[in-house]
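Single-structure report; data block below.
The values are calculated or read from the model by the stated rules, or taken from the named source; none is laboratory data. Owing to the predicted nature of the structure, the values given are computational and were not obtained by experimental measurement. In this analysis, Cβ positions are derived from the backbone assuming ideal geometry, glycine residues included, and neighbour counts consider all displayed protein chains.
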Amino acid sequence: MEIKSSLHQLKEKFKGNTFAPAFNAFHTFLYTPNDVTKGGTHIKVADDLKRTMNMVILSLVPCLLFGIFNTGYQHFAAVDAANGIIREASFLGNFITWENFLLGSTKVLPLVIVSYVVGLTVEFIFAVIKGHEVEEGYLVTGMLVPLIVPVDLPLWMLTVAVIFGVIIGKEIFGGTGMNILNPALTIRAFLFFAYPTWMSGDKVWVHGAVERTGTAEAISGETILGSYAQNQEIIYSLSDMFIGFIPGSVGETSKILIILGALFLIFTKIGSWRIMLSTIAGALFMGLIFNQVVDLGWITETSNFYGLMSVPFWEHLLIGSILFGAVFMATDPVTAAQTLKGKWIYGFLIGFISIMIRVFNPGYPEGVFLAILLMNVFAPTIDHYVIESNVKKRLNRIKLKTA
Amino acid sequence: MALLSKRDSKLILDPLSDNNPITIQVLGICSALAITAELEASVVMSIAVLFVMGTGNVVISLIRNIVPSRIRIIVQLIVIATLVVIVDLVLKAYAYELSKTLSVFVGLIITNCIIMGRFEAFALGNAPWRSFLDGIGNALGYALILVIVGFFRELLGSGTLWGYPVFGDAIDMTGLYALGYENNGFMLLSPMALIVVGIIIWIQRSKSTHLIED
């Protein structure tokens, strides 16, 4: 007997069982079930929720792989720097190396595994309690979470945060498709406010920097944003920033891979190009305003904000996680605005507020996640007013006709 | 013979469960968020509210027939203000450190919607003894939630209970801290208090399903 039909028989056997949803989740993950709808007309399309989710995961895989190598590379580069050796990053020379991969995977893969195991366990428990099918929403969240945390984050903290994020961020609203806040960002926000010493500062972004603090082998883990906030010299070149040879959260550093992911999402019509574009536009606009403020001489070098305000507006896209947020977080179809005009407003404000928080509050290492969460909350309001204005426009049209 | 008649004991017991001022009526949330970072502060706040509500309800009930209805709100405010000042002075005299932690929130008992709510809804129309029981009952219902929230926030946020370390010393890295445990700073922020109250409401409604509105 084939696996497919024997799985079907197993399913029939355990129908109505408490753990049927759990079984079904694994079943449909690999195979299309035998049951089909009966009667009526049904149009079947290939891109169901599961396929959509898998496409997003595919677009994230390059970032994950790069993050693994980068974790190793940043660690060894920082160790070298502490010994007075300045490394010149070269992709095949000292980046794609066995030792980078080995160190990176021992640090990053546990994050991925913990994220998935804990998150899916919570999902399964809720599915069994509620007696509905397990939803696919966590497949993407589980992949996003390890990419947006610092590499040295203790695993138990991630566990607590994932449980919190999945329950409070998603399940209490009714599960996938009903949540107001992006679950992955809820998890990051929880981590940030609960354990700020592990989520910000100049140590956590490079593996080993925390445990070596105060010893003779101390290494630095400062990010570019951190250096700018303290008006320090930046040691990374623009091409380093673009390719991603810089410290930061695991998956956010490589801008080129994020852009490739974005093109993939736009090509497969999964991510909204409107949101991506308007987020970037908003960020550039805010950056331009700050540049103007500096150019007009309204603030001087003595100001706390001078460092970040004088960053050329386009360079804001290369540092921090604004691109990653714009492509993978802001476009979450559940929490984003739904109307076309609303998407432009929603994205623009995300970019605008992100850069504003980044510049005005260097205490927050990155404002992008806060900006997206804030706009998640406002998305329904934006949609409401877009629809209202449409209704008004059409009513006026009727009036004109009848008048 | 029972201490209280069935009708009277309902006045005490209802606010503890199915008619809880915080989780069902969603009143008095502000103070529940503001002062519950420590268990001790929660308990002292609860006692203060217990005193103000018990006494206040009796006073209002006693004068309910002689106060003209158009100025009743002012009279109620004066009664609460008097009682709150008494509490504030007692705290300053006998528990100065604590009164500093509670700071403005003792004074702000006056704005606690539960108190005005009970004056209006109950004491104005009932005899002193029943009003007293109603005040005590509602204050206890308030206290119950405050203590639960305060317990979890102090335990998880500071790793202490009533000021005594539970998980070991965070600075000397003993006990759980030696294993890498860290206090959850989010617990000390007010949003987390709101979430804890929300979780209590969630648990309560899933236990007694008749409370769920459609």
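Summary of values
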item: Number of the condition not met by residue A:101 [criteria: (1) crowded, with 22+ Cβ neighbours inside 10 Å; (2) of a type in the set (Phe, Trp, Tyr); (3) out of contact with any Ser or Thr (no Cβ under 6 Å at 6 or more places or on another chain)]; result: (1)
item: Single match in A:324, A:328, A:313 (criterion: surrounded by 17 or more Cβ atoms within 10 Å (Cβ to Cβ), more than 30 Å from residue A:108 (Cα to Cα) and either within 15 Å of the chain's Cα centre (by Cα) or without any contact (Cβ under 8 Å) to a residue 40 or more places away in the chain (or both)); result: A:313
item: Search result, residues across the range B:177-189 that are part of a helix (DSSP H, G or I) and either within 11 Å of chain A (Cβ to nearest Cβ) or under 12 Å from residue B:152 (Cβ atoms) (or both); result: B:179, B:185, B:186, B:187, B:188
item: Listing of helices (runs of 4 or more DSSP H) fully contained in the range B:6-75 that carry 2 or more residues being surrounded by 23 or more Cβ atoms within 10 Å (Cβ to Cβ); result: B:29-34, B:39-62
item: Given (1) part of a loop (DSSP other than H, G, I, E, B); (2) surrounded by fewer than 18 Cβ atoms within 10 Å (Cβ to Cβ); (3) touching a helix residue (DSSP H, G or I) at 6+ places or on another chain (Cβ under 8 Å), number of the condition residue A:341 does not satisfy; result: (1)
item: Failed condition for residue A:86, given (1) more than 14 Å from every other protein chain (Cβ to nearest Cβ); (2) assigned to a helix (DSSP H, G or I); (3) of a type outside the set (Ser, Thr, Tyr); (4) surrounded by fewer than 17 Cβ atoms within 10 Å (Cβ to Cβ); result: (2)
item: Some residue of the range B:202-211 being surrounded by fewer than 17 Cβ atoms within 10 Å (Cβ to Cβ), within 13 Å of another protein chain (Cβ to nearest Cβ) and aliphatic (A, V, I, L, M); result: yes
item: Residue check for residue B:160: away from chain A (no Cβ under 14 Å), without any contact (Cβ under 8 Å) to a residue 24 or more places away in the chain and more than 30 Å from residue A:193 (Cα to Cα); result: no
item: Residue satisfying condition, being within 16 Å of the chain's Cα centre (by Cα) and over 23 Å from residue A:354 (Cβ atoms), within set A:158, A:147, A:191; result: A:158
item: Test result for residue B:105, among the aromatic types (Phe, Trp, Tyr), out of contact with any Phe, Trp or Tyr (no Cβ under 7 Å at 6 or more places or on another chain), in a helix (DSSP H, G or I) and at pLDDT 90 or above; result: no
item: Lone unmet requirement of (1) assigned to a helix (DSSP H, G or I); (2) charged (D, E, K, R); (3) out of contact with any Phe, Trp or Tyr (no Cβ under 8 Å at 6 or more places or on another chain) for residue A:135; result: (1)
item: Which listed residue, of A:109, A:92, is assigned to a helix (DSSP H, G or I) and without any contact (Cβ under 8 Å) to a residue 24 or more places away in the chain; result: A:92
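Here is a yes/no grid of residues against (1) in contact with an Asp or Glu (Cβ under 6 Å, 6 or more places away or on another chain); (2) surrounded by fewer than 16 Cβ atoms within 10 Å (Cβ to Cβ); (3) under 28 Å from residue A:374 (Cα atoms); (4) polar (S, T, N, Q):
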residue: A:211; (1), (2), (3), (4): no, yes, no, no
residue: A:223; (1), (2), (3), (4): no, no, yes, yes
residue: A:238; (1), (2), (3), (4): no, yes, no, no
residue: A:277; (1), (2), (3), (4): no, no, yes, no
